[in-house]
């Protein structure tokens, strides 16, 4: 105890994942807020993945993009779902006219669920080198480490003020490229990354351009 604060230490077996409830709640809430992003908040047309001639093509209905063709090798699987959306496990990444900056991560389990995502390295250049994964997540991604994983951060656009868009770097989506398996990781000690500004103040012109 120190003043009016109480700190509690927890000893747990290796591999047991422990996070403060408020951290999980904040990231879950950020995920839910991000689902309200409409298609026109990201400039330009969305690019549907081109067909490569494989025999594994399926068509899925989506609320924002209509019917989209998806090949099995383009599907990203999150076995645990995302925070707040445990039943949505399969997603496909769609390019936008702002290719290399914004992408749509569309669920193929829930036609209405899609997130705008960004590579967190664009906002924090040494982001991957600063990631310290809990043992639970390290075991999931073995043999690959943070530096070799594909990282995405979910973007939230405040209503009526796209220039103040933020990216959730505290709860990144990490994907192992070899088998396209992913997980939303919770970085409990990086609270400052929960709402990282996408546009620096000097770049805020009132739109996501």
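Of note:
- Qualifying residue in the range 200-208 (condition: crowded, with 18+ Cβ neighbours inside 10 Å, within 15 Å of the chain's Cα centre (by Cα) and closer than 28 Å to residue 38 by Cα): no
- Only a single item in (1) more than 12 Å from the chain's Cα centre (by Cα); (2) on the phi > 0 side of the Ramachandran plot; (3) modelled with pLDDT of 95 or more is not met by residue 79, and it is number (2).
- Residue under evaluation residue 38, criteria (1) closer than 24 Å to residue 136 by Cβ; (2) exposed (fewer than 13 other Cβ atoms within 10 Å of the Cβ); (3) out of contact with any strand residue (DSSP E or B) (no Cβ under 9 Å at 6 or more places or on another chain); (4) at pLDDT 75 or above, criterion not met: (1)
Per-residue answers, yes or no, for (1) within 12 Å of residue 151 (Cβ to Cβ); (2) under 15 Å from the mean Cα position of the chain (by Cα):
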{"position": "111", "(1), (2)": "no, no"}
{"position": "116", "(1), (2)": "no, yes"}
{"position": "119", "(1), (2)": "yes, yes"}
{"position": "125", "(1), (2)": "no, no"}
{"position": "134", "(1), (2)": "no, no"}
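- Within the range 136-166, restricting attention to residues that are closer than 20 Å to residue 93 by Cβ and in contact (Cβ under 8 Å) with a residue 60 or more places away in the chain, the residue that is farthest from the chain's Cα centre (by Cα) is 157.
The values are calculated or read from the model by the stated rules, or taken from the named source; none is laboratory data. Values in this document were obtained by computation on a predicted structure and should not be read as measured data. Cβ atoms come from the backbone with ideal geometry, glycine included; neighbour counts cover every protein chain shown.
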